[in-house]
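The structure appears below as structure tokens.
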Amino acid sequence: MTLQESGEMYLETILILSKKNGVVHSIDISRYMGFSKPSVSRAVSKLKVDKYIDINDNLEITLTNSGKEIANRIYERHQILTETLIGIGVSPETAAEDACRIEHVISSESFEAVKNHRKN
């Protein structure tokens, strides 16, 4: 099953918030992403059904192994693409915004080439 860009963004957000706060609730996601509570609730429900996240009795959201794998991949892409764009003269704000869009559509081959080029 292929996850849509919005699902990837939610997983990345859950990863970021869990690193920052330890515990993640739907309201945290709503605030961070600037989305309405009903929108977040629908997305979280779908991610749970698709087994990308778990929700415990305290309504704390955690990534499953498959959710973590996707979130880490997207987060790595975001970081490296942002740093690369800044390195070639793009402002940090624009670099972060552009990286957020690029990270979801760049092929694995192209991303690996960017990563390898940065190492040289």
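Summary of values
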quantity	calculated
Surface share of carbon and sulfur [accessible, 1.4 angstrom probe, percent] for the chain	52
Using alpha-carbon coordinates, inclination of helix 92-102 to the longest axis of the chain, degrees	70
Under 22 Å from the Cα of Lys48 - lysines, other chains or at least 8 residues apart	Lys19, Lys20, Lys37, Lys68
Listed values (i) 17.2; (ii) 15.8; (iii) 15.1, entry calculated as Kirkwood radius over Cα pairs in Å	(iii)
Residues of the chain: accessible area per residue with a 1.4 Å probe, Å²	61
On Cα atoms only, tilt of 5-21 relative to the major axis of the chain in degrees	80
Nearest-10 value in Å² for the accessible area of Thr84, using the 1.4 Å probe	40
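The values are calculated or read from the model by the stated rules, or taken from the named source; none is laboratory data. Everything numeric here is computed off the predicted structure, so don't read it as measured data. Areas reflect the complete protein model, heavy atoms only, side chains present, ligands, DNA and RNA absent. Shrake-Rupley method; radii C 1.70, N 1.55, O 1.52, S 1.80 Å.
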